[in-house]
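Presented below is the structure to which this report refers.
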Amino acid sequence: MKKKVIVAIADGLGDRPVKELDYLSPLQYAKTPNLDYIAKNGKNGLMDPISPGIAVGTDMGHLILFGHDYQLYPGRGPIEAAGVGLHLQNGDVALRCNFATVDGNGIVLDRRAGRIRNGTSELVDAISPIEIDGIQFILKEATEHRAVLVMRGNDLSDKISDSDPKAPNDGSPYKKVMALDDSFEANRTAAALNQYFDVVYNHWKNHSVNLERINNNELPANFLITRGAGKMTEIPQLGEKMGFSCKIIAGEDTVLGVGKMTGYETESDNTFTGSIDTNYQLKAQYALNAIEAFDLVYVHFKATDIMGHDNNPNGKVDAIEKFDKMVGILIDNLPENTLIALCADHSTPCEKGEHSGEPVPISIFGPGIFSDSVETYDEISCGSGILNRLSGKEFIWTLFDYLEVVPKQGN
C-alpha cells in the first residue's frame, strides 16, 4: 500500500537557550510527550530552510516546505493576495500591510494597532476600492492586524521601498515610499502610494470603529504600513506535475496564499487564529479527514512564531505544548499507511524577537521508518539523528520519495 504523509509545521519553532528557562530552549523546556514519541520511534535530523545562517520569512519558508526552490519567491505581496482570495491581473503590484496606529505627525505608536481582530472589514469598506492618479487601490483585510493592498493600473513597478519602520514602537515615523530604481514606473508607483497613505489616515482617524476603540482604551487602527511589494511569478504546480494530491490546513493567509500559488488545495476555519487560542483540535481533525482523500497534508500552527516575536519564552512554551497536543490527536488516529513528519519553517528566538538562521529539528515517524538513537524532539537531540542536516528542499523531497512520486534518475 502506498504511503501518505501528514506534515505538522510549528511556525518559528527553533530557539536559543533562555535564562528564564534554566538556559534551555522553549522546546527543550516544554512538556512534549507526543513530539518526543515521534522522535524516539522515528528518524531525526536538523533542517536549514536554505543553508546555515540564512534566515527566511514565513512566506519563503513555506514555499520551500511545499517543495519549491527559494529562487522562485515572488515577493510577499502576491502571496498575501492569493491567501485572501484576491486574483492578480497582469501588471498588478501587491503589498503586504499592517493596520497600524500613528499620531498626527506620522509617528508609529503601534505597528499592529494593538493586534486588532475586529472591525477591520468595516475600515476596508470605507476606503476600498479607491482611485488615485488613474491607479486603483484595492484593500482586503487578512488575519488579525494584517491586510493586503493591490495597486492596479498602467505603468506600475514593484521596485519600491517599504513604509514599515520595522521598529518596536519606539517613536519612529512611517517611512516615505521611495523608488528603488530610476524608472518612471517606480517613481509613479511610489508617489501614488504616498498619496494613498494620506487618504487612508483622513478616512480612518474618525471612523466609528476607531472612535469605539478609543472609548474602550484600545489603540485605533488609523493607518496602513506596507512592505513586500511584488508581482506574480509563475510557480510550477508540483502536485499536478508529479502526480500527487495535497491539502494545506492553516489559519494564516500567508501560508494559505503560498499553498494556493503552488496549486495545492487549502482549508481553514475562523477558529484557526494566529495565536495560542487557535482551535488545534479542529486543525487535527481537518488533517485526519483530509488524509483520507489526499496523499500529502500539511497542518500549520502559528502561535510558536508569535511568542518568539513577542520575546515571550513562557508563552512559547505554552504554544509548543498546544502544538504537542495537536500532534497527539494525529498520532492517536493515524491511518496505518500514513507517516507523520515534524518540522518548522524557521527559528524565531525569543531573545531576538525575529527570525534567525539557526536550523530547526525534523522527525519522520510511521510504518517502514527506521528508529535512530534520538529520545527527544529538540534542537540539540535531533542533531544526532540519521537524517543528519538537510536543506528544506532536501527534507521535503525525502517525503515526496515516500509518496513514490520522485522520478528515478538514470536507467
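Would it be correct to say that Ile6 is within 16 Å of Phe400 (Cα to Cα), surrounded by 22 or more Cβ atoms within 10 Å (Cβ to Cβ) and not polar (S, T, N, Q)? Steps first, answer last, please.
Working: within 16 Å of Phe400 (Cα to Cα): yes; surrounded by 22 or more Cβ atoms within 10 Å (Cβ to Cβ): yes; not polar (S, T, N, Q): yes.
Yes: the conditions hold for Ile6.
Considering only region 130-144, I want to know if a residue exists there that is within 27 Å of the chain's Cα centre (by Cα), modelled with pLDDT of 90 or more and under 27 Å from Asn217 (Cβ atoms). Yes: one or more hits. Looking at the structure I just gave you, is Val124 of a type outside the set (Asp, Glu) and in a strand (DSSP E or B)? For Val124, the condition - of a type outside the set (Asp, Glu) and in a strand (DSSP E or B) - is not met. Within region 332-367, the set of residues being closer than 30 Å to Ala293 by Cβ and either aromatic (Phe, Trp, Tyr) or surrounded by fewer than 18 Cβ atoms within 10 Å (Cβ to Cβ) (or both) comprises Asp332, Asn333, Pro335, Glu336, Asn337, Phe365, Pro367.
Can you tell me which residue is farthest from Gly368 (Cα to Cα) among those in region 335-349 that are touching a Pro at 6+ places or on another chain (Cβ under 8 Å) and part of a loop (DSSP other than H, G, I, E, B)? That would be His346. Within region 163-201, the residues that satisfy the criterion of being closer than 14 Å to Phe137 by Cβ and open to solvent by 80 Å² or more (accessible area, probe 1.4 Å) are Gln195, Asp198.
Kindly provide the set of residues from region 67-115 that are of a type in the set (A, V, I, L, M) and under 14 Å from the mean Cα position of the chain (by Cα), ordered by number. Reasoning before the result, please.
Step one: filter region 67-115 for residues of a type in the set (A, V, I, L, M), giving 72, 79, 81-82, 84, 86, 88, 93-95, 100, 102, 107-109, 113.
Matches in region 67-115: Ile79, Ala81, Ala82, Val84.
From the residues in region 202-222 that are polar (S, T, N, Q) and within 17 Å of Asp103 (Cα to Cα), which one is surrounded by the most Cβ atoms within 10 Å (Cβ to Cβ)? The qualifying residue surrounded by the most Cβ atoms within 10 Å (Cβ to Cβ) is Asn222. If you take the residues of region 280-320 that are over 21 Å from Leu63 (Cα atoms) and of a type in the set (Asp, Glu), which of them is most open to solvent (accessible area, probe 1.4 Å)? Applying the filter and picking the extreme gives Glu292.
Considering only residues that are not charged (D, E, K, R) and not in a strand (DSSP E or B), look in region 9-26 and name the one that is surrounded by the fewest Cβ atoms within 10 Å (Cβ to Cβ). Full working, then the answer.
First, pick out the residues of region 9-26 that are not charged (D, E, K, R): 9-10, 12-14, 17-18, 21, 23-26.
Next, only the ones that are not in a strand (DSSP E or B) stay: 12, 17, 21, 23, 25-26.
Details: Gly12: 30, Pro17: 15, Leu21: 19, Tyr23: 11, Ser25: 26, Pro26: 30.
For region 9-26, the residue satisfying everything is Tyr23.
So for region 140-151 (the condition being open to solvent by 60 Å² or more (accessible area, probe 1.4 Å) and not in a strand (DSSP E or B)), does at least one residue qualify?
Residues of region 140-151 that are open to solvent by 60 Å² or more (accessible area, probe 1.4 Å), as a first pass: 140.
If we keep only those that are not in a strand (DSSP E or B) too, we end up with none.
The answer is no; no qualifying residue exists.
When the test is whether a residue is under 21 Å from Asp59 (Cβ atoms), open to solvent by 30 Å² or more (accessible area, probe 1.4 Å) and modelled with pLDDT of 95 or more, Glu375 does not pass it.
Residues in region 298-307: is at least one farther than 24 Å from Ile116 by Cα and not acidic (Asp, Glu)? Give the derivation first.
Step one: filter region 298-307 for residues farther than 24 Å from Ile116 by Cα, giving 298-299.
So of that shortlist, the ones also not acidic (Asp, Glu) come out as 298-299.
There is at least one residue in region 298-307 that is farther than 24 Å from Ile116 by Cα and not acidic (Asp, Glu).
Hand me the list of helices (runs of 4 or more DSSP H) wholly inside region 27-109 holding 1 or more residues that are open to solvent by 10 Å² or more (accessible area, probe 1.4 Å), more than 30 Å from Asp198 (Cα to Cα) and touching a Phe, Trp or Tyr at 6+ places or on another chain (Cβ under 9 Å). Explain how you work it out, then say what you get.
Details: elements: 33-41, 58-65, 76-83.
Result: 33-41, 58-65.
Among all residues of region 255-267, there is none that is among the hydrophobic types (A, V, I, L, M, F, W, C), out of contact with any Lys or Arg (no Cβ under 7 Å at 6 or more places or on another chain), modelled with pLDDT of 95 or more and within 30 Å of Ala30 (Cα to Cα). Would you say Gly315 is closer than 29 Å to Glu20 by Cβ and within 14 Å of the chain's Cα centre (by Cα)? Answer is no for this residue.
Within region 60-95, how many residues turn out to be closer than 22 Å to Ser268 by Cα and at pLDDT below 90? Quick ask: steps written out before the conclusion?
From region 60-95, those closer than 22 Å to Ser268 by Cα are 60-67, 76-88; that's our starting set.
Next cut, at pLDDT below 90 only: 76-88.
Residues that pass the stated criteria total 13.
Can you pull out the residues in region 244-254 that are modelled with pLDDT of 95 or more and small (Gly, Ala, Ser)?
Let us first name the residues in region 244-254 that are modelled with pLDDT of 95 or more, namely 244-250.
Across region 244-254, the qualifying residues are Ser245, Ala250.
When you go through (1) of a type in the set (S, T, N, Q); (2) open to solvent by 80 Å² or more (accessible area, probe 1.4 Å); (3) touching an Asp or Glu at 6+ places or on another chain (Cβ under 9 Å) one by one for Ser157, which number turns out not to apply? Exception for Ser157: condition (2).
The values are calculated or read from the model by the stated rules, or taken from the named source; none is laboratory data. Computed from a predicted structure; not experimentally measured. Positions of Cβ are generated from backbone atoms using ideal geometry, with glycine treated the same way; all protein chains shown enter the neighbour counts. What goes into the accessible areas is simple: the full protein's heavy atoms, side chains included, and nothing from ligands, DNA or RNA. Shrake-Rupley method; radii C 1.70, N 1.55, O 1.52, S 1.80 Å.
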